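Remarks on the structure that follows.
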Ligand code: F3S
């Protein structure tokens, strides 16, 4: 078979089947995928992959078969990888009998799939999170690293906040890239693909909620790269823990309400600091965001609940997963509010989601952990979207501070302050 891409002698050997049929198929898939996007060559990946497919849905039969083939050939990723969150945690996210039956059908292959993941290079049992780049989890790219990731919230963080280079790949292609150690060079892997088509001028009189700002940007620029000016007025010039949390949530909203895979924040994110407005392409578009635009965006969110004035029964916080800093902040906010109101426990079943490693670290601070748990809050490692994505749970009146969860489910979006008002 002829390939349009420039290939090295070693790659040609693999594609000729000299290193086995399975490796040949893996590389061929990566090459054909790259050619679809006009890539002219493959480049070595320099950091571990992060997989988006974390759930054992029985209809993904071809994935399980492919995994079996990789395993039987002894093929695994060059470096240990991380993967998106697990779907189920009955201890902390309760389900009734009917829901358990639904989950059993939906995620019936979870155990088998996790065992396959381990055999092809999964780091460990704790590696299930969308925030793999947090220090407690440890899949932390460096600036300039070439990656092959697919989880949209992680891709946008790695590209924008860290300055690593990954396309927003399709699921399974990241795994195959991890096995062959290569990814096609196109899009965000090139200097040109990282330049901005949009100048976002933030002119608000206050720091917007990150999930709303990200949503506004995403809906406007879709998959283009935005260069955001005016945000440093509020965030400053240092990537502190609070600032990184803000950018994590803003990015995830821009990636889900649109399809942003990279943004630059003037005077703050690494490439914007180095190259400033040179990052803007000629003939860029401008989008001005002021107070009224933020208000318009919030009002534009449709309410998907069957009964519009239902009382919330469940609240999910932490999509993408919360950082340790955010867990501590929520603990502080919730206990202060409880004290103020003289309530002993929350009225709404409130669930905070974070990486297993982050939860473990948080538990070490037993005083804070007790404070949070005694208020009635549950702490889980699941992805709330995987909980919501079925006909039973989607009927519930769920509230969230996540614009990603709002976009892909029937959950209702509220800002953090509004959430605090509702859960008491
Ligand atoms: Fe993470 Fe699931 Fe939200 S993967 S970003 S918690 S939808």
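Every number here is computed from the coordinates shown, using simple stated rules; none is lab data. Since the model is a prediction, treat every value here as computed from it, not as a measurement. No Cβ is skipped: glycine too gets one built from the backbone with ideal geometry, and neighbour counts run over all protein chains shown.
Maximal additional length on extending the residue 3-residue 79 stretch stands at 24.6 nm, based on 0.36 nm per residue less the C-alpha distance. With respect to the chain, whose longest principal axis is taken over its alpha-carbon atoms, helix 241-257 is tilted by about 70°.
Sequence gap at least 6, Cα distance under 8 Å: using those rules, report the relative contact order of the chain to the nearest whole percent. Normalised by residue count, the contact order of the chain is 17 percent. The label-point distance for residue 370 and residue 233, in a model that sets each label 7 Å from Cα toward Cβ, rounds to 4.6 nm.
To the nearest ten degrees, helix 61-72 and the longest principal axis of the Cα atoms of the chain are 60 degrees apart. Measure nothing fancy, just the Cα-based angle from helix 97-106's long axis to the longest principal axis of the chain, in degrees from 0 to 90, nearest 10. The answer is roughly 20 degrees.
Starting from the Cα gyration tensor of region 9-189, take the square roots of the eigenvalues, sort them a ≥ b ≥ c, and report rounded, prolate or oblate (rounded when a/c is under 1.5, otherwise prolate if a/b is larger than b/c, else oblate). Note, shape of region 9-189 comes out oblate. Rounded to the nearest 0.05, what FRET efficiency do residue 207 and residue 306 have when you use their Cβ-Cβ distance and R0 = 41 Å? For R0 = 41 Å, the calculated efficiency reads 0.75. Per residue, the average separation of C-alpha pairs within less than 8 Å and at least 6 apart gives region 192-299 a relative contact order of 43 percent.
Highest average first, the peptides 110-117, 316-323, 183-190 ordered by how many other beta carbon atoms sit within 10 Å of their residues are 316-323, 183-190, 110-117.
The modelled label-to-label distance between residue 40 and residue 115, using points 7 Å beyond Cα along the C-beta direction, is 4.8 nm.
Got a sec? How would 265, 120, 377 order by Cβ neighbour count within 10 Å, fewest to most? Mind dumping the intermediate values first?
Details: 265 29, 120 19, 377 22.
Fewest-to-most Cβ neighbours within 10 Å comes out as 120, 377, 265.
The ranking of 168, 233 from fewest to most other beta carbons within 10 Å of each one's beta carbon is 233, 168. In the chain, the alpha-carbon atoms span a convex hull of 143 Å³ per residue. The protection proxy used here, the mean number of other Cβ atoms lying within 10 Å of each residue, ranks peptides 324-330, 400-406 as follows, highest first: 400-406, 324-330.
Taking the number of other C-beta atoms within 10 Å as the exposure measure, put 241, 2 in order starting with the fewest. Spell out each step's value before the answer.
Values: 241 14, 2 3.
By the 10 Å Cβ count, ascending: 2, 241.
The length gained by stretching the chain between residue 332 and residue 389 to full extension, at 0.36 nm per residue less their Cα-Cα distance, is 17.5 nm. Expressed as a whole number of Å, what is the distance separating the alpha-carbon centroids of region 1-56 and region 372-424? Their Cα centres are 39 Å away from one another. Extension gain, residue 105-residue 344: 0.36 nm per intervening residue step, less the Cα-Cα distance, totals 82.3 nm.
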